[in-house]
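Visitor: Right, I'll just put the structure down here and ask away after.
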Amino acid sequence: MSARNRIFPVFIPHLGCPHVCVFCNQHEITGAAAEEALQQLNSLTENPPQGAAYELAFYGGSFTAIPAEQQLRYLEAAGRARACGAVSSIRLSTRPDAVTEEILERLKRYGVETVELGAQSMQDPVLLTSGRGHSAEDVRRASLLIREAGLSLVLQMMTGLPGDDDAGAVDTARQLIALRPDAVRIYPTVIVRGTELERLWRRGLYREHTVEDAVRVCAMLLPLFEAAGIPVIRLGLNPTDELSGGAALAGAYHPALGELVRSRVLRNLAEQQLAEMNCEGAYITIRVPEKKLSQMLGQKCCNVAWLKERFHLSALEVVADPEVTNLVIEQDPYGALIDEFWSRFPSKA
Ligand code: SF4
């Protein structure tokens, strides 16, 4: 395991947040309390890990909106963990309206390398109804400052926020791509217990963004980011005991959401290609690289069943083929003839 993928998360739930966004309840999402953060950092310094150093990550709040004095306490503790070799780099997440040149200079002085910006949407009406308290322009301005400061930029977006739709999400993705982030995270909306969104949902003022909704829209977004060479480093909330234990009341909470989305991307690709072939009643073979076989099949072979029904196929086989790099579809011209041949013999069953 490299230092880059050994993350030591330090949760600072809601620290620095000027108010609480309608979908957010960091206490339920992380199960952590802000006071624990410094203790976690100090214990990391006192008991440095065996093996590769960690990447230290401050999550769950608006780091750069915390009063400067308190930020310095965290940064100094992080610096000590870095000095003793327990930590190799530092990343943090924050709000777009809490980024200035001066703040970024301070972060750099303490060795922060990556800033994750909660953009969530580039649609101002969606930002407004979600109680974000910042605009799309704030996202553009902060992204530019972060990149100009020479820091890595990770943008986070959400799908299924109040007032958003598939077209809005696709537009948000295109606008985020234009900001040239080093990576993105996509978080489809989950209705978390104790949030304003829960109250809106219970009063019938917000329609749940289901797992299927999330899979459909994220299967449009993922190819856009990948085509632009921007890695999607997270798809869906990290499963936690709190969320799985009941804090995720409804919405797009699924421990394998990323896998479902990647599987849908392949189904969409196969659908596009089959639509261009005259394949009704045909015998089809889909060849995929070994690592994509289970994604192409889908959970419980759901993609195979869906494509067979969609195109009224006589047979659909999915096979791993080391020779192909993506999906290759072949139609067996003799499949119907062979079936007819065998149908002339009486069955022994
Ligand atoms: S989404 Fe971010 S800014 Fe909004 S309340 Fe949660 S942690 Fe704070």
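Visitor: Looking at the stretch 262-315 only, could you name the residues that are assigned to a loop (DSSP other than H, G, I, E, B) and not aromatic (Phe, Trp, Tyr)? Reasoning before the result, please.
Guide: So the first thing to find is which residues in the stretch 262-315 are assigned to a loop (DSSP other than H, G, I, E, B), and the list is 276-282, 289, 298, 311-314.
Correct list: Glu276, Met277, Asn278, Cys279, Glu280, Gly281, Ala282, Pro289, Gly298, His312, Leu313, Ser314.
Visitor: Take the stretch 156-175 and flag every residue that is part of a strand (DSSP E or B) and either open to solvent by 40 Å² or more (accessible area, probe 1.4 Å) or in contact with an Asp or Glu (Cβ under 7 Å, 6 or more places away or on another chain) (or both).
Guide: From the stretch 156-175, those part of a strand (DSSP E or B) are 156-159; that's our starting set.
Hit for the stretch 156-175 is Gln156, nothing else.
Visitor: Residue check, Glu46 against (1) under 24 Å from the mean Cα position of the chain (by Cα); (2) more than 16 Å from the ligand (Cβ to nearest atom); (3) not polar (S, T, N, Q), all met but one. Which one?
Guide: Among (1) under 24 Å from the mean Cα position of the chain (by Cα); (2) more than 16 Å from the ligand (Cβ to nearest atom); (3) not polar (S, T, N, Q), the lone unmet condition for Glu46 is (1).
Visitor: Next up: Quick check on my filter: what residues within the stretch 278-288 are buried (at least 16 other Cβ atoms within 10 Å of the Cβ) and either modelled with pLDDT of 95 or more or in contact with a Ser or Thr (Cβ under 7 Å, 6 or more places away or on another chain) (or both)?
Guide: Ala282, Tyr283, Ile284, Thr285, Ile286, Arg287, Val288
Okay, residues lined up against (1) open to solvent by less than 20 Å² (accessible area, probe 1.4 Å); (2) touching a strand residue (DSSP E or B) at 6+ places or on another chain (Cβ under 6 Å):
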| position | (1), (2) |
| --- | --- |
| Ile29 | no, no |
| Asn42 | no, no |
| Pro49 | no, no |
| Tyr59 | no, yes |
| Thr64 | yes, yes |
| Glu69 | no, no |
| Glu76 | no, no |
| Arg82 | no, no |
| Ile103 | no, no |
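Visitor: Please tell me if Ala119 is open to solvent by less than 40 Å² (accessible area, probe 1.4 Å) and either at pLDDT below 95 or over 18 Å from the mean Cα position of the chain (by Cα) (or both). Outline the logic, then answer.
Guide: Values: open to solvent by less than 40 Å² (accessible area, probe 1.4 Å): yes; either at pLDDT below 95 or over 18 Å from the mean Cα position of the chain (by Cα) (or both): no.
The answer is no for Ala119.
Visitor: Hey, any hits in the stretch 176-186 for a residue that's assigned to a helix (DSSP H, G or I) and surrounded by fewer than 24 Cβ atoms within 10 Å (Cβ to Cβ)?
Guide: The answer is yes; a qualifying residue exists.
Visitor: Considering only helices (runs of 4 or more DSSP H) fully contained in the stretch 1-85, which possess at least 3 residues that are under 21 Å from Leu237 (Cβ atoms), modelled with pLDDT under 85 and not polar (S, T, N, Q)? Break it down stepwise before answering.
Guide: Details: elements: 26-30, 36-46, 68-83.
Counting at least 3 such residues, we get 26-30.
Visitor: If you check Val126 against the conditions, is it assigned to a helix (DSSP H, G or I), more than 28 Å from Leu75 (Cβ to Cβ) and more than 17 Å from the chain's Cα centre (by Cα)?
Guide: yes
Visitor: So Glu28 clears everything in (1) within 10 Å of the ligand (Cβ to nearest atom); (2) touching a residue at least 60 places away in the same chain (Cβ under 8 Å); (3) acidic (Asp, Glu) except one condition, right? Which one?
Guide: (1)
Visitor: May I pose another question? Is it the case, given these coordinates, that Glu102 is closer than 20 Å to Ala173 by Cα and free of Cβ contacts under 8 Å to residues at least 12 places away in the same chain?
Guide: no
Visitor: With respect to Gly236, determine if the residue is free of Cβ contacts under 8 Å to residues at least 40 places away in the same chain, within 30 Å of Ala173 (Cα to Cα) and surrounded by 15 or more Cβ atoms within 10 Å (Cβ to Cβ). Before the answer, list the steps.
Guide: Numbers: free of Cβ contacts under 8 Å to residues at least 40 places away in the same chain: no; within 30 Å of Ala173 (Cα to Cα): yes; surrounded by 15 or more Cβ atoms within 10 Å (Cβ to Cβ): yes.
The answer is no for Gly236.
Visitor: Look through Ala305, Ala252, Ala275, Ala248 and report the one residue that is in contact with a Pro (Cβ under 6 Å, 6 or more places away or on another chain) and either within 27 Å of Ala183 (Cα to Cα) or open to solvent by 10 Å² or more (accessible area, probe 1.4 Å) (or both).
Guide: On inspection, the qualifying residue turns out to be Ala252.
Visitor: Identify the residue in the stretch 127-155 that is hydroxyl-bearing (Ser, Thr, Tyr) and open to solvent by less than 70 Å² (accessible area, probe 1.4 Å) and, among all such residues, is nearest to the ligand (Cβ to nearest atom).
Guide: In this case the residue turns out to be Ser130.
Visitor: Within the stretch 106-123, can one find any residue that is in a strand (DSSP E or B) and of a type in the set (Ser, Thr, Tyr)?
Guide: Restricting attention to the stretch 106-123, the residues satisfying the condition of being in a strand (DSSP E or B) are 112-120.
From what's left, of a type in the set (Ser, Thr, Tyr): 114.
Checked against the condition, which is being in a strand (DSSP E or B) and of a type in the set (Ser, Thr, Tyr), the stretch 106-123 yields at least one hit.
Visitor: Every residue in the stretch 129-149 that is within 22 Å of the chain's Cα centre (by Cα) and part of a loop (DSSP other than H, G, I, E, B), please.
Guide: Within the stretch 129-149, Ser130, Gly131, Arg132, His134, Ser135 meet the criteria.
Visitor: Given the condition more than 16 Å from the ligand (Cβ to nearest atom), more than 20 Å from Ile230 (Cα to Cα), touching a helix residue (DSSP H, G or I) at 6+ places or on another chain (Cβ under 9 Å) and without any contact (Cβ under 8 Å) to a residue 24 or more places away in the chain, answer yes or no: does some residue in the stretch 156-168 qualify?
Guide: Yes, the stretch 156-168 contains a residue that is more than 16 Å from the ligand (Cβ to nearest atom), more than 20 Å from Ile230 (Cα to Cα), touching a helix residue (DSSP H, G or I) at 6+ places or on another chain (Cβ under 9 Å) and without any contact (Cβ under 8 Å) to a residue 24 or more places away in the chain.
Visitor: Another one. Which residues, taken from the stretch 57-77, are in contact with a helix residue (DSSP H, G or I) (Cβ under 6 Å, 6 or more places away or on another chain) and farther than 18 Å from Val184 by Cα?
Guide: Thr64, Ala65, Ala77 - these are the residues of the stretch 57-77 that are in contact with a helix residue (DSSP H, G or I) (Cβ under 6 Å, 6 or more places away or on another chain) and farther than 18 Å from Val184 by Cα.
The values are calculated or read from the model by the stated rules, or taken from the named source; none is laboratory data. Only a predicted model underlies this, so the values are computations on that prediction, with no experimental measurement involved. Counting neighbours? That spans all protein chains shown, and the Cβs are built from the backbone with ideal geometry, glycine included. When the accessible area is computed, the model is the full protein with side chains, heavy atoms only, and any ligands, DNA or RNA have been set aside. Shrake-Rupley method; radii C 1.70, N 1.55, O 1.52, S 1.80 Å.
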